[in-house]
Amino acid sequence: MLRLFSTISRSPEAPAPNVNFEGVWVNELNSKMTLSVDAKGSVTGKYETGVGAPPSSEKFDLVGFASGDLISFTVNFGEYDSLTSWVGQLTEDADGPVIKTMWLLAKNVSDPEEPAKLWGSVLTGYDNFTR
């Protein structure tokens, strides 16, 4: 019997965040997120979108990871049938700290419409979040 698991070693844990991601961040489209990060790099928070169907006052759960000065997080927009994930890095520009991210948004396409519309169900873009 082949024992696969005995030959697989665990990868080392990712480094803990070494920058402060905590607090409120706003992007260029006026979307706002409030982040909390624990010592192991688990990210939680709330996201309020400045664009799209949800009203800007509606808050959505945000979950993710931080490692070093890198961050990734996902928001489930629930009844609006979409998920969005961001990945990026904290850096500094002339105005202070900025999280430069790329995102992917997946929107649900109903089963009967998939053959014609699934090709356009994932969008991509970028956001820069500042304090």
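The values are calculated or read from the model by the stated rules, or taken from the named source; none is laboratory data. Everything quoted here is computed from the prediction, not taken from an experiment. With ideal geometry, Cβ positions are generated from the backbone for all residues, glycine too; neighbour counts draw on all protein chains shown. Surface areas here come from the heavy atoms of the whole protein model, side chains and all, with no ligands, DNA or RNA. Shrake-Rupley method; radii C 1.70, N 1.55, O 1.52, S 1.80 Å.
Overview of values
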read-out: Filter result for Leu104 (closer than 26 Å to Val24 by Cβ, outside any helix (DSSP H, G or I) and open to solvent by 70 Å² or more (accessible area, probe 1.4 Å)); value: yes
read-out: Every pair of residues 6+ apart whose Cβ atoms lie under 6 Å, when the first sits in segment 112-131 and is without any contact (Cβ under 8 Å) to a residue 24 or more places away in the chain and under 30 Å from Pro97 (Cα atoms) while the second is open to solvent by less than 90 Å² (accessible area, probe 1.4 Å) and not in a helix (DSSP H, G or I); value: Val122/Ala106; Leu123/Leu105; Gly125/Trp103
read-out: Residue list for segment 48-70, filter: touching a residue at least 24 places away in the same chain (Cβ under 8 Å) and in contact with a Lys or Arg (Cβ under 7 Å, 6 or more places away or on another chain); value: Leu62
